[in-house]
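Shown next, in structure tokens, is the structure this report addresses.
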């Protein structure tokens, strides 16, 4: 496949993902606003879900944590003792273990945690749109005839920043979320399950590529002046 054909494919693919994410963000915003306006949302018609886990080892783990509707939080979990045993395939070559002390926390929209959850989800969607927008512009401007452009170098640096920011936001979200949960459940040991590090690594890799790309841009400009 020719390089220009690859650029064309990536240009179309990123454009499709970019506009698709915009549509999903609008639908999410509309659905969430309707949930906020619906008086029945406080009765369990819809929730924002989060995965949490009990990490403390010096106290007994609760088998279930279900609220009667007086608060904005609902936990759903099955008995740990019942599901903590390993299971295996018929030939015994594969074993799988359930994850114990893991909970799905459901937050009612019309609550402090509900509003915060919506803000975090919306911010993540906007961040994804920003990343896709940078990729889309890079592939639109890239070509084999003139591979090095100052605008692409700037977009690569912006991509690196956005990926690093995504991990910074995860850390901030982890701290704020746990504090908000603690306000509802005093002396709780629930911590948000999150993955941190991929954004930093991806950002550093893209930044390294940008530095190499900048060197290619410098050489291209020197050759143009020489000619």
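From the list 139, 125, 200, 177, which one is farther than 30 Å from residue 51 by Cα, part of a helix (DSSP H, G or I), in contact with a helix residue (DSSP H, G or I) (Cβ under 9 Å, 6 or more places away or on another chain) and at pLDDT 90 or above?
Exactly one of 139, 125, 200, 177 is farther than 30 Å from residue 51 by Cα, part of a helix (DSSP H, G or I), in contact with a helix residue (DSSP H, G or I) (Cβ under 9 Å, 6 or more places away or on another chain) and at pLDDT 90 or above, namely 139.
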(message) Among (1) on the phi < 0 side of the Ramachandran plot; (2) without any contact (Cβ under 8 Å) to a residue 60 or more places away in the chain; (3) surrounded by fewer than 16 Cβ atoms within 10 Å (Cβ to Cβ), there is one condition residue 147 misses while meeting the rest; what is its number?
(response) (2)
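Would you check if residue 92 is assigned to a loop (DSSP other than H, G, I, E, B), more than 19 Å from the chain's Cα centre (by Cα), modelled with pLDDT under 70 and on the phi > 0 side of the Ramachandran plot? Full working, then the answer.
Details: assigned to a loop (DSSP other than H, G, I, E, B): yes; more than 19 Å from the chain's Cα centre (by Cα): yes; modelled with pLDDT under 70: yes; on the phi > 0 side of the Ramachandran plot: yes.
So residue 92 passes the test.
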(message) Residues to consider are 177, 190, 135, 163; find the one that is within 24 Å of residue 28 (Cβ to Cβ), crowded, with 18+ Cβ neighbours inside 10 Å and touching a strand residue (DSSP E or B) at 6+ places or on another chain (Cβ under 7 Å).
(response) 177
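The values are calculated or read from the model by the stated rules, or taken from the named source; none is laboratory data. Please read these numbers as outputs of a predicted model, since none were measured by experiment. Backbone-built Cβ (ideal geometry, glycine too); neighbour counts: all protein chains shown.
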